[in-house]
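Notes for the one structure printed next.
Quick note: the coordinates plus some simple rules give every number you see, no bench work behind them. Please read these numbers as outputs of a predicted model, since none were measured by experiment. Neighbour counts are summed over all protein chains in view; Cβ atoms, including those assigned to glycine, are modelled from backbone coordinates with ideal geometry.
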Amino acid sequence: MTSIILDEFHKEILEREVRLFLNGVTDLEAQARYAGLLQGVEAGEVGEEFAAALEGILTIVLESGRARKLYGPPGENSLNSLFHKTPRGSALVQQVNAVNKALKGLEGQLLGGITFRSTGPGAWGLTLQTDRGELTLRLDRHGIRVHDLEVDLG
């Protein structure tokens, strides 16, 4: 991973959010980490050594609804786009691309059934049955992935 370049909008939002977070942290190691992140944010470039701290801040701000509440849909969309540039966000984009590739393989097939079910706490399965096979997707806290694919070759 290389550095993550921030635009002015990102800088404006993140300077505020990182400062708020930094003021609430009492652990000295965490303070040093978030102080380093703040320096990167102020400079407009976050190095890979602070990517995990950036991911943490973005996750909290996005999942809590704070991004939308304070910065509106444009701010939320901008921070989501930035999150996708982090290692964890990039991995999620790759997962989605793999799932979309599997779904594309269903194009032109007749849909026979759709089943959505809970597979455990915070985990779900989505099964799509077609005239030529079955695709099961898993969704959980780690993202989305193809769990099972059965194809009728006959």
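Data overview
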{"quantity": "ARG33 vs. criteria among the basic types (Lys, Arg) and touching a Phe, Trp or Tyr at 6+ places or on another chain (Cβ under 8 Å)", "calculated": "yes"}
{"quantity": "Residues that are closer than 16 Å to ILE57 by Cβ and either part of a helix (DSSP H, G or I) or among the basic types (Lys, Arg) (or both), drawn from the stretch 76-85", "calculated": "GLU76, SER78, LEU79, ASN80, SER81, LEU82, PHE83, LYS85"}
{"quantity": "Index of the failed condition, PRO73 passing every other in (1) within 30 Å of LEU14 (Cβ to Cβ); (2) in a strand (DSSP E or B)", "calculated": "(2)"}
{"quantity": "The stretch 110-146, residues that are loosely packed, with under 15 Cβ neighbours inside 10 Å and farther than 30 Å from PRO87 by Cβ", "calculated": "LEU110, LEU111, GLY112, GLY113, ILE114, THR115, ARG117, ASP131"}
{"quantity": "Single condition THR115 does not satisfy, out of (1) over 30 Å from HIS10 (Cβ atoms); (2) in contact (Cβ under 8 Å) with a residue 24 or more places away in the chain", "calculated": "(2)"}
{"quantity": "Within the stretch 1-45, considering residues that are in a loop (DSSP other than H, G, I, E, B) and not polar (S, T, N, Q), the one farthest from the chain's Cα centre (by Cα)", "calculated": "ASP27"}
{"quantity": "Exclusive hit being over 21 Å from the mean Cα position of the chain (by Cα) and within 13 Å of ALA102 (Cα to Cα), set VAL146, VAL151", "calculated": "VAL151"}
{"quantity": "Residues of the stretch 86-113 classified as of a type in the set (Ser, Thr, Tyr) and not in a loop (DSSP other than H, G, I, E, B), total", "calculated": "1"}
{"quantity": "Residue list for the stretch 12-30, filter: closer than 13 Å to ILE57 by Cα and surrounded by 11 or more Cβ atoms within 10 Å (Cβ to Cβ)", "calculated": "ILE13, LEU14, GLU15, ARG16, GLU17, VAL18, ARG19, LEU20, PHE21, LEU22, VAL25, ALA30"}
{"quantity": "Members of the stretch 37-71 that are surrounded by fewer than 16 Cβ atoms within 10 Å (Cβ to Cβ) and over 19 Å from GLY89 (Cβ atoms)", "calculated": "GLN39, GLU42, ALA43, LYS69, LEU70"}
{"quantity": "Residues satisfying the stated conditions in the stretch 114-154, i.e. at positive phi and either touching a Gly at 6+ places or on another chain (Cβ under 6 Å) or part of a strand (DSSP E or B) (or both)", "calculated": "GLY120, GLY133, GLY143"}
